[in-house]
Structure formats: structure tokens, C-alpha cells
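Trainee: I have a structure I would like to understand better, so I am pasting it below and will then ask my questions one at a time.
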Amino acid sequence: MTSGTSVWDDVVGQPEAVSVLQRAASDPAAMTHAWLVTGPPGSGRSVAARAFAAALQCTAGPADQGSTGRTAPGCGRCRACTTTLAGTHPDLTVVATDKVVITIDEVRDLITKASRTPSGGRYRVIVVEDADRMAERTTNVLLKSIEEPPPHTVWVLCAPSVQDVLPTIRSRCRAVVLRVPPASDVADLLVRRDGVEPGLALDAARAAQSHVGLARRLARDPEARTRRRAVLEVARRIRGVPDAVLAASELVEVAKAEATASTTERDAAEKAELLRALGVGEGDTLPPKLRSQLKQLEDDQKRRATRRQRDVLDRSMVDLLSLYRDVLVVQLGAEVELVNSSHADVVRSLARDATPEQTVRRMDAIGQARERLEGNVAPLLALEAMTIALRPQG
Ligand SMILES: [Zn+2]
């Protein structure tokens, strides 16, 4: 990698992936027109995809890059780089969806865009951040375009794992696999880019188990740290069944509140946008034939809120799991770093009050609750079973 700034700077802890993508961007012989970037949540799939897109568009000449020529495109300074990273480059399309599914109409629209020649950039790049959120029928529409794209079109699909996309898509894409970055790399990024104090950055990176977005939120938002601490404290507070039932409902309520807080503003903005697009003024009565479109949007938003609540709950359980993992580390006297180094008091007190076997059983109970939640069991039911299993065993 070149020293100084480059578009790859924010792709933390992924040297192998970066070198593959860099080579493709600099050497036409190493270039492929359909990519599948996979990696666990928070590993930086969309960051890597955008960096790649920027490197493909980068217009910096050899003079800007030293004597070696186009060895490492993606200077991070030229207009092509900065607009691509900002998502405003005219030849870049990013489908960033927090919607539950990407619709067939959206994909048809993408295919139309993909067929156009670049308006001025070197490539037309289409990034689909959640390629796993497509129904099979939708995916099939995409196949031909991915298989034989126009010469200057590049598809970059992202998904948690290759198993999350259909084999027909997989076989037509070149795979780039991201790993969980080391906590120290994530901490460095927080210090460098967000000006976070190094100690706090490392605590946050460990607590978030290297999930870059979460680590940033924990480092910058004191309320996020308070909420996380509250989740961890739940473990210590449960003494009997009544506490357990109460704790379960608290966890669900906190998740609901957080999900609502993060979606309300956006829901209102989307609704205003739709009404504007339909030509309906504020306070006008909606004509009956347009009502179904509004209903569709509201249904999507409701599904998104539910999904968000489940995501927040799952995150709470991952936090609890990390706590008991730390408890086990202490109980077994293993010489490894604690995930919750900033909550060592909670860890030690739980370690004193139980045996390693009990800790393992509790971890199993948390894992089971996550599975139930994934399988659409009512959140409160799944969590009550879990919190009851967390109470002290005589
Ligand atoms: Zn550049």
C-alpha cells in the first residue's frame, strides 16, 4: 500500500482482500466484472466495496502516485475518489438497503443503469450492499447482467457469507472474503479518523468485538455505552425468577425504544418524500388510488422497525454472551484479553458465584434464545427463558 492517505485507509484489518482489489483496479488482466464481497457484520463490506469503486474511478496520474505509475489507484484526493467515497459520483450506484428485501423493480432499474456507458468515469460501478436480501426470482433477473456485463460495468455485491446468495450468483462472481479485523486495528481507525482517545477506542473496539460501526458508536455516544452497561448489569441483577422475568421485559423495552428512536425520523422523511413524489401537498386528502402506495410504504416501515428491534435484541445477547465468555476466561485462568475489559468488576463477581459448567450452560441458554428469536419466537418469550437460565444456581 502507498503511504499517506488512500481510499483503502478505512478498510481496516483486511490486507489480503485489499491486495486482491488493488491488483484488479490497477491491472486489466486481474480485473473481473462481477464481485462478491463477503464478511461478518461490521467487517466493513460496504467500506471495502466503496473503496474498490473509488480505486476503479481514480483519475490520479503517475505523477500523483510516484514513479511507479498506476500501481495503487485510489489516491483518495482526486475528484473521482472523493465523489465516489461520498456516494455522489455520477457513474456510481449504491443500493444501501435497510429494507427487508430488494424488489424486482429496483433490480430492473439497476440493470438498466448497468447497461449504460459511463458518463465520464472509467467504469460504471454498481454496489449492492445487501445482495442476500433478494428473492430468488429477483436474483434470476440479475443473472444475465452479471454474467455478460457491458465492458465498462462492474457489479460489486455484498453479503454476510457466500452461502447467503444463490449458487447461480456465486458461480458468476469473484469472491473476496473479509475477516473480523483485530480490535487494535479498529481502535487505530477510531483514533485516526474520529479523534477518539486511544484507551476508550480500544475498550470500544473490544466491546464491539471489532464491529467497526458499533465500536464507533460506543466510542462516540455515551448513551450507547450506558445502554450496553445496563445490558451487562442485567446478568448480575438476576437473583431469582421474578428478577429474571423483569429483566427480560426490560431488555425488550430497551430494544423497542432504541429501534423506535432510530426509525421514527426516517419514516417521517420517507413518507413526506413519497407524498411529494405523488404530487400530494401537505394536509391534502390522499386520493383513494394512491392510498395503496402509502400503505405499502407503511408496511415496509413496520417490517423494518420489527427487524431493527430484533437486531438490537440480538446485539444485547451478543453482549451478554461476550460477558459470560469473559467469565469463563477468568474461571479457567486463561491468559487472553477480556472483551469487556472495562467491566472487569461484573465479570469477576459472576466468575466467583458460579462454576465453569454453569457458565457454559448459561452461554448455551443465550445461544438458544438467539436461535428462537431468529426463528420468530415472540421476543419476550425467548428472553424470559434465557434470563431464567441466567439466575444463580444454588
Ligand atoms: Zn484518486
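Trainee: Return yes or no: is residue 50 of a type in the set (Lys, Arg), outside any loop (DSSP other than H, G, I, E, B) and within 17 Å of residue 129 (Cβ to Cβ)?
Mentor: yes
Trainee: Out of 86, 114, report the one residue that is open to solvent by 60 Å² or more (accessible area, probe 1.4 Å) and closer than 25 Å to residue 59 by Cα.
Mentor: On the way: 114 fails: open to solvent by 60 Å² or more (accessible area, probe 1.4 Å).
The unique qualifying residue is 86.
Matching residues to (1) small (Gly, Ala, Ser); (2) open to solvent by less than 60 Å² (accessible area, probe 1.4 Å); (3) more than 26 Å from residue 380 (Cβ to Cβ):
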{"residue": "176", "(1), (2), (3)": "no, yes, yes"}
{"residue": "189", "(1), (2), (3)": "no, yes, yes"}
{"residue": "200", "(1), (2), (3)": "no, yes, yes"}
{"residue": "206", "(1), (2), (3)": "no, yes, yes"}
{"residue": "217", "(1), (2), (3)": "no, no, no"}
{"residue": "227", "(1), (2), (3)": "no, no, no"}
{"residue": "236", "(1), (2), (3)": "no, no, no"}
{"residue": "247", "(1), (2), (3)": "yes, yes, no"}
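Trainee: Within the range 57-82, how many residues are open to solvent by less than 20 Å² (accessible area, probe 1.4 Å) and either at pLDDT below 90 or more than 10 Å from the ligand (Cβ to nearest atom) (or both)?
Mentor: 4
Trainee: Continuing with this model, one more query. Could you tell me whether any residue of the range 95-102 is outside any loop (DSSP other than H, G, I, E, B) and either within 16 Å of the ligand (Cβ to nearest atom) or without any contact (Cβ under 8 Å) to a residue 60 or more places away in the chain (or both)?
Mentor: For the range 95-102, residues outside any loop (DSSP other than H, G, I, E, B) and either within 16 Å of the ligand (Cβ to nearest atom) or without any contact (Cβ under 8 Å) to a residue 60 or more places away in the chain (or both): present.
Trainee: Scan the strands (runs of 3 or more DSSP E) fully inside the range 113-227 and keep the ones with 3 or more residues being touching a residue at least 60 places away in the same chain (Cβ under 8 Å) and over 23 Å from residue 337 (Cβ atoms).
Mentor: Qualifying strands (runs of 3 or more DSSP E): 153-159, 174-177.
The values are calculated or read from the model by the stated rules, or taken from the named source; none is laboratory data. Keep in mind that what you see is a predicted model, and the values were worked out from it rather than measured. With ideal geometry, Cβ positions are generated from the backbone for all residues, glycine too; neighbour counts draw on all protein chains shown. Surface accessibility is based on the protein's heavy atoms, side chains included, excluding ligands, DNA and RNA. Shrake-Rupley method; radii C 1.70, N 1.55, O 1.52, S 1.80 Å.
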